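Taken together, the values in this text are just the output of simple stated rules run on the coordinates, not laboratory data. Quick caveat: nothing in here was measured; it's all calculated off a predicted structure. So basically every Cβ, Gly included, is an ideal-geometry build from the backbone, and we count neighbours across all protein chains shown.
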Amino acid sequence: MSEVVAPESVDPPVTLHIGFLLMPEYTLSTFANAIGILRLANRLTDRALYRWSIYSVDGEAVVSSAGLEMKVDGRLDPEQSMHILMVCGGYRIKDHCNKHVSDALRRLAKNKIALGALCTGSYVLAAAGLLNGYRCTIHWENLASMREEFPSLQICSSLFVIDRDRYTCSGGISSIDLMLNLVASIHGHQLVQQISDQFTCDRVRTEKDAQRAPLQYLIGASQPRLVDAVSLMESNIEEPLTLDEVADYVGISRRQLERLFNRYLHCAPSRYYLELRLSRARLLLLQTSIPVIDVAISCGFSTAPHFSKCYSDLYGKPPSNERRVLS
């Protein structure tokens with residue numbers, strides 16, 4: 001489970017007030033899933049652990065990308081008392097982002113209100129300069145353009161990211177995972193398990209889980225050799241190629257290969273290859289009953305101890321524990 005830093009003003013017995021700012025054309029399902037987690041937390045404990053308010057920029061009803069109109073509790077007020085404000089984005093987010101919204105968000109941050117974003121709401125925070133120095137994520141369709149427009153930001157392809165008082169998620173059902181991790185940090189894993197059962201979630205995903213995104217959306221369409229290199233890695237999991245072999249197959253030098261990975265995927269090719277193999281191993285552990293040693297071998301690890309160490313370094317627990325949690 002990801003480490004979460006709850007807002008400083010929150011003590012577990014106190015009701016946590018979360019505001020949701022609905023941007024025009026916001027993604028309804030992502031917003032509804034986030035609310036659903038909070039509602040179930042209250043219902044299962046028979047306590048008002050959470051309350052929520054819904055805002056728009058001007059106080060008027062907002063139409064979602066699905067064409068459904070949502071009434072709100074009022075307009076976004078920088079002096080509003082709350083613990084967290086989540087910006088809910090969706091389609092054409094740039095068209096709906098303006099100086100008025102940015103100024104209001106900056107004032108909220110100045111007032112020590114934690115800020116979050118669902119789906120493309122991360123763009124709104126970035127445009128206001130409120131993700132500088134923080135790790136964050138956004139929906140995979142927007143990753144390449146976001147990195148191009150904000151090159152200094154630490155934007156990753158995780159399902160969600162919690163970095164101190166910033167909470168961002170990629171959209172879709174990842175808002176479930178974000179809110180479950182928030183609930184766990186304040187009220188414990190037992191409650192989260194009960195909520196997951198109600199939501200029919202087979203497991204709570206963490207920040208280590210990446211979005212299943214087509215590579216061209218992560219890096220843009222201008223680097224075909226990098227796409228070819230990654231495809232080679234994906235096709236050679238059980239018997240990994242050397243980096244020299246990968247570079248030779250795609251027709252570039254190893255140094256060029258390393259530059260491409262560092263620039264567009266923000267890691268060394270050896271690290272990317274290792275995490276690719278470990279990700280495949282994790283799927284096998286979670287979805288099959290194959291013995292751990294066979295999982296290790298099928299993912300290119302010659303010994304169980306080496307596999308266990310690499311797995312623990314990335315996921316924070318050995319492969320055997322992953323199986324035990326699943327059971």
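Compute the helix-to-body angle for 224-235: its Cα long axis versus the longest principal axis of the chain, expressed 0 to 90° and rounded to tens.
70 degrees
Compute the relative contact order of segment 68-125 as a whole-number percentage, counting only Cα pairs closer than 8 Å that sit 6 or more residues apart in sequence.
Reported relative contact order: 49 percent.
If you restrict to DSSP beta bridges whose two residues both lie in segment 134-268, what percentage is antiparallel, to the nearest 5?
60 percent
If you count, for each residue, the other Cβ atoms within 10 Å and average over each peptide, how do 202-210, 117-125, 170-178, 31-39 line up from highest to lowest?
Ranking, from highest mean packing down: 117-125, 170-178, 31-39, 202-210.
Going by alpha carbons, how many degrees (0 to 90, nearest 10) lie between the helix axis of 189-198 and the longest principal axis of the chain?
In the chain, helix 189-198 runs at an angle near 90 degrees to the longest axis.
Within the chain, what is the number of lysine pairs with alpha carbons under 18 Å apart, leaving out pairs fewer than eight places apart on the same chain?
4
So what is the orientation-averaged projected area of the chain, using the convex hull of its C-alpha atoms, in nm²?
Result: 17.2 nm².
Cβ neighbours within 10 Å, averaged per peptide: list 265-273, 108-116 in order, most packed at the top.
108-116, 265-273
Report for the chain the percent antiparallel among DSSP-assigned beta bridges with both residues inside it, nearest 5.
Antiparallel bridges make up about 25 percent of those DSSP assigns within the chain.
If we count every other residue with Cβ under 15 angstrom of D95's Cβ, Lys/Arg +1 and Asp/Glu -1, where does the sum land?
Every neighbour counted, the sum reads +1.
Could you go through segment 88-101 in sequence order and give the Karplus-derived ³J(HN,Hα) for each residue, using 6.51 cos²θ - 1.76 cosθ + 1.60 with θ = phi - 60°, rounded to whole Hz, and x for Gly and Pro?
9, x, x, 6, 6, 4, 4, 5, 9, 9, 9, 4, 4, 5
Report, in degrees rounded to the nearest 10, the 0 to 90 angle that the Cα long axis of helix 269-287 makes with the longest principal axis of the chain.
70 degrees
For segment 223-326, which semi-axes, largest first and in whole Å, follow from the square roots of 5 times the eigenvalues of its Cα gyration tensor?
Each semi-axis is the square root of five times an eigenvalue, giving 28, 13, 11 Å.
Explain nothing, just compute: Karplus ³J(HN,Hα) = 6.51 cos²θ - 1.76 cosθ + 1.60, θ = phi - 60°, for every residue of segment 50-55 in order, whole Hz, x for Gly and Pro.
9, 9, 9, 10, 10, 10
Provide Rg over Rh for segment 152-290; use the alpha carbon set for both Rg and the Kirkwood Rh (inverse mean inverse pair distance).
1.04
Could you work out the local net charge near I138, counting Lys and Arg as +1, Asp and Glu as -1, over the other residues with Cβ closer than 13 Å to its Cβ?
Around I138, the surrounding residues sum to +1.
Could you state the principal axis extents of the C-alpha atoms in segment 153-194, from the largest down, to the nearest angstrom?
34, 23, 10
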